[in-house]
1. Which one of the conditions (1) more than 7 Å from every other protein chain (Cβ to nearest Cβ); (2) at pLDDT 95 or above; (3) closer than 27 Å to B:Glu374 by Cα does A:Phe501 fail to meet, given that it meets all the rest?
2. Only one of these is open to solvent by less than 20 Å² (accessible area, probe 1.4 Å), within 14 Å of another protein chain (Cβ to nearest Cβ) and either within 21 Å of B:Ser186 (Cα to Cα) or within 37 Å of the chain's Cα centre (by Cα) (or both): B:Ile357, B:Ile290, B:Ile349. Name it.
3. Within the stretch A:324-366, track down each residue that is farther than 18 Å from A:Trp516 by Cβ, within 7 Å of chain B (Cβ to nearest Cβ), of a type in the set (Asp, Glu) and surrounded by 18 or more Cβ atoms within 10 Å (Cβ to Cβ).
4. What about B:Cys301, is it under 30 Å from A:Arg490 (Cβ atoms), at pLDDT below 95 and either within 14 Å of chain A (Cβ to nearest Cβ) or open to solvent by less than 80 Å² (accessible area, probe 1.4 Å) (or both)?
5. Looking only at the stretch A:504-531, how many residues end up being small (Gly, Ala, Ser), open to solvent by 10 Å² or more (accessible area, probe 1.4 Å) and more than 8 Å from chain B (Cβ to nearest Cβ)?
6. Any residue at all in the stretch B:386-400 that's of a type in the set (Ser, Thr, Tyr), under 24 Å from the mean Cα position of the chain (by Cα) and either assigned to a helix (DSSP H, G or I) or under 18 Å from A:Ala520 (Cα atoms) (or both)?
7. Of the conditions (1) small (Gly, Ala, Ser); (2) open to solvent by 50 Å² or more (accessible area, probe 1.4 Å); (3) within 30 Å of B:Thr384 (Cβ to Cβ), B:Ala231 clears all except one; give me its number.
8. For B:Arg109, are the conditions met, namely being open to solvent by 40 Å² or more (accessible area, probe 1.4 Å) and either in contact with a strand residue (DSSP E or B) (Cβ under 7 Å, 6 or more places away or on another chain) or touching a residue at least 40 places away in the same chain (Cβ under 8 Å) (or both)?
Amino acid sequence: MMGSANDGFEEAPLHSPREKSELHHDFNSVDRHPLSDPLLSPTSPNSNTHHPHDIDPPAYADVIFTPFDSSDINGSGSPLDTSSSSSPSHVFSPSNSSDYIKITVSNPQKEQEPSNSLVPGSNTFVTYLVTTRTNIPDFGGSEFSVRRRFRDIITLSGRLSESYRGFFIPPRPDKSVVESQVMQKQEFVEQRRVALEKYLRRLAAHPVIRKSEELKMFLQVQGKLPLLPTTDVASRMLDGAVKIPKQLLGDGPALAPHEAAQPAKAGRDLLRLFKELKQSVANDWGSAKPPVVEEDKEFLEKKDRMQELELQLSNASQQAEALVKAQQDMGETMGELGLAFIKLTKFENEEAMFNAQRVRAADMKNLATATVKASRFYRELNLHTVKHLDTLHEYLGLMMSVHGALADRSSALLTVQTLLSELSSLQSRSEKFEAATSKIFGGDKTRIRKLEELQETIKATEDAKNVAIRQYEWIKENNRNELERLDTERQADFLDMLKGFVVNQVGYAEKIANVWGKVAEETSNYARENS
Amino acid sequence: MASSRGPQSPRSPHPSLSLASSQPYLSVSVTDPVKMGTGVQAYISYRVITKTNMPQYQGSEKIVIRRYSDFVWLYDRLFEKYKGIFIPPLPEKSAVEKFRFSAEFIEMRRRALDVFVNRIASHQELRQSEDLRTFLQVDEEVMERIRSYETGLFKKKPADLIQIFKDVQSKVSDVVLGKEKPVEESSEDYEKLKHYIFELENHLAEAQKQAYRLVKRHRELGSSLSDFGKAVKLLGACEGDNLGKAFSELGAKSEAVSLKLQKEAHELLMNFEEPLKDYVRAVQSIKATIAERAAAFKQQCELAETIKLKEINLDKLMLTRSDRVREAELEYKELKRESEEATERFEMIVRLMNEEIERFQEQKTLDMGIAFHEFAKGQARLATAVADAWRSLLPKLEACSTT
């Protein structure tokens, strides 16, 4: 039983390069994604080879930092970029810098769903203006705007995760129902606007997804965004309920191959869901070795590495937050100290009865001024630090996408395994049936028909199996390419982050040293008297 | 001998130690804190080394063992005897239990006690004190006897002192509100001084509080840099290659910078926060002297009132040729004498205070100048070290990205 089912597999290993191009070519006819895409083209060298502020001791202090200079080391933010961070260059701008998509989310407005509701104010929602500027010809325009609501983002992200299995799709913003009750409406809307903008920019930065139909539609199509069938859970449940009896009896129409290739979704294919669950349990308990297992050692190693990376990223991200807080506190307390001395200075001057007091007041004023300056520098330092270390947070967020992509692979594999099991059980049933009917002369009409139907089902399942295999291969390829891309971009972005962080620390430390050096100089007469 | 002395605080006034000089000198060191006893009874003892050429002292050098309560005894005695003079302040009595024996607390207290004794030894009048001589010369056991005996007798009841403080404070507010209480001084200059002292304490306390917080912030920043460094190193370990190397270099550097911050936090505490605290204590000591002055004034006034009454009574008695005239006359003479003494005491306090306040202002300008200088120096030193440390990392990072 197992032997026949494995026919397509044991002879040719799943990842032989010879077969790969064939598979891709076959899949093209079923699938709607252009595979001749940037996935296969080499990534161009990253943009970290030059930053405007070159390493040239000693005076970073003079070269770089004017207050709130946001044209930071990564070079991806414009000086007027007041919206969300402009950190890791690859997360936000693709390595090929000659074409660009710049997305802005702005202008939140309250709108009302046209309904006959008696209760005023119900069914209101917020829409955002999504403006796109691009020079990519596919868009057929260089600047356009649409109004979208948060629900549309959910739709978009849902579609993308279905169409781009195996890719590291940027995670979409949370629905955060609780926060919406707790926060002030304005704050919440602003927070959401920022999150949406970040998300869309990340999508536009992904070399494959930026060219997707889904994104294009989202950015360009005016009016309401049509909902996908899959999001309409309720009706699918009903459909599934209708289909079940037929599927159970083996009479009903088989699923279309490409549907079979997709993982079973709750709300439809209840039976399939059950079957796949059974299969995964069988896999886990090792009752029978599944026909296909994850053999790619390299992949498994990478998976472990990703897990470790995520753990360490999470830890580093936490410590980075603590560091930022400590720098902030330092700046604040410095400021308060300076203020206390300013008050003292004023007081001594006002109440002075002796000259010694006026001298002391003057000394205090110097100290206070320096302290306040230092406080400001610490706070500026921190603003920049936040931007640089944000890279850690960004990549941590990306790890979620990695999870999703690797999970796509696992579920695709499970689908293949399930179909193989089904195929083998169908075939054995067919054999038994044939053996039984051959014993009866004259051929029972219904029996013959049943046999024919069984053969049809087997054929359909066979087709589905092939589609599932191709899908699995495709996802594996996506995984591989994405992992490579992640490695390259991560290297570049992290190195940028480190450099930016360090240059920042140096620059501000120098500035602070200057300020204090002056005061030490001005008070040096006290030192001489003392020694 | 030099090796047995602890590090001198920059605030300790130390007259030059030339033995051949005919100038009288008196120099004291408080050193070698040692924990004695166990459990609740445990305390710290110090070695107090005196070097002097003053004839009233037995010999040119003397070493004794003293504990904190002995210093308190000395303060109380001087406060009693030298009214009008600002007695140098003592470090606080007791900290939270768990810090009482921490190395840092012990060192800070030792320094503060050293400064305390030396300020007394440098003060024109105070250095002549017999109690000082006792403190610097008698044996440990004798000291203990003296201390426990006299503590009982001469300790002012806390209630009295509080009442006096309250009177002084309410006088300030009365002036502000435009009322005048009869039994208080009403000189404008003195009002100004009192107001100044009370306000000064508030301002200084705020500055000291922020200075203390700043010390804490240094420690917190150091600690978070250390944790960050560790986390970054771990991240580097799972990256490998160039990036891994870059991360591990950064992590190591972060930890190094963290150490510099911790070190500077300590310096900041010793050389900036402590002088500010000392300043606050000094102002509180002045408030106690102000209370003494108020008490002396009150006494003088009350005596004057009593004398007036006695005069009236005496005249009455004389008119009626009472046989109690003799008695009354004697009483009157006695009162008159007391009154003169009280007036003398009060006027001396006023005179001394005027000298003291001028000296105080000058001394404080000096003390603060030093403290500010140390603060600025320390911060400059820290920032420079931090800049150098991070800068040294840059060529390594460059190397990581070009290969």
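The values are calculated or read from the model by the stated rules, or taken from the named source; none is laboratory data. Model, not experiment: these values are computed from the prediction. Here the Cβ positions follow ideal geometry from the backbone for every residue, glycine too, while neighbour counts run over all protein chains shown. The area values use the complete protein model at the heavy-atom level, side chains included, leaving out ligands, DNA and RNA. Shrake-Rupley method; radii C 1.70, N 1.55, O 1.52, S 1.80 Å.
1. (3)
2. Only one candidate passes the filter, namely B:Ile357.
3. Within the stretch A:324-366, A:Asp329 is the sole residue that qualifies.
4. The answer is no for B:Cys301.
5. Here the count works out to 1.
6. No, the conditions are met nowhere in the stretch B:386-400.
7. Going through the list (1) small (Gly, Ala, Ser); (2) open to solvent by 50 Å² or more (accessible area, probe 1.4 Å); (3) within 30 Å of B:Thr384 (Cβ to Cβ), B:Ala231 breaks only (2).
8. no
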